[in-house]
Amino acid sequence: MKYLVLIFICFIQSCSKDDSSIPVSAENDTVAQVSTEDSISIQPVTNIKLVKTSDGSEIKFPEKALVGTDAEKEFLKSGKNIYVGNAEAVAAGKKRYNMWSCTQCHGPTAKGQVGPGLIGPKYNYAKDATNKGMFETIWGGTNGGMGGKGFGIMAADDGVTVDELLKIIAFVRSHNKDLTGNE
């Protein structure tokens, strides 16, 4: 009988704990919080699966990689980059493209230099014709080529955020009027 009471008490206590898999806020339904006794990991709730080009493993985002913009939310739901064609986002993307030294390999207009061109119509990875594919390639890097640029990939406390990368991709797409990546 003592054991039955003990099991019942444990059951009641476990039911009263917060459900940590619900969205962080009702306003932002793109982030789910998963916690353990020792750590908290925030992952976006996505309708698309993002995988690294280098090894096919699922992309997981550190908390600092997510800023919660509408563009970020839309991309994680649909793979569409709403910054494509937005002059302000393209200008910000150009600045980040230059800051991250993308120009050293891909040239100032992403047409290629030492590294491959990024504007198409041919890509080293066919999936890069889509914004989702290009995101995966840049975020996680490639085999025998470019290292990943996503936050937490090269260094635990550095890298581009999801929103910054969407702006960089918008800049790249601005050099090919026939391909937005959202097709």
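Starting from the Cα of residue 57, move 7 Å in the Cα-to-Cβ direction to define the label point; list residues of region 155-183 whose amide nitrogen is under 16 Å from there.
Taking a point 7 Å out along Cα→Cβ of residue 57, the residues of region 155-183 whose backbone N falls under 16 Å are 155-156.
So, in nm, how far is label residue 124 from label residue 78 when the simple model puts each one 7 Å beyond its Cα toward the Cβ?
3.1 nm
More than 21 angstrom separation, counting every C-alpha pair in region 46-173; what % is that?
32 percent
If amide H atoms are built 1.01 Å from N in the plane of the peptide, which residues on other chains or at least 5 residues away come under 5 Å of the amide H of residue 51?
For residue 51, the qualifying residues are 59.
Assuming R0 = 25 Å, can you tell me the calculated FRET efficiency for the pair residue 180 and residue 157, based on Cβ-Cβ distance, to the nearest 0.05?
0.15
Would you mind computing, in nm to one decimal, how far apart the modelled labels at residue 86 and residue 99 are, each placed 7 Å from Cα along Cα→Cβ?
Using points 7 Å along Cα→Cβ, the separation is 1.6 nm.
Bear in mind that the values in this text are calculations on the coordinates, not laboratory data. Everything numeric here is computed off the predicted structure, so don't read it as measured data. For neighbour counting, all protein chains shown are included, and Cβ atoms are generated from backbone atoms with ideal geometry for every residue, glycine included.
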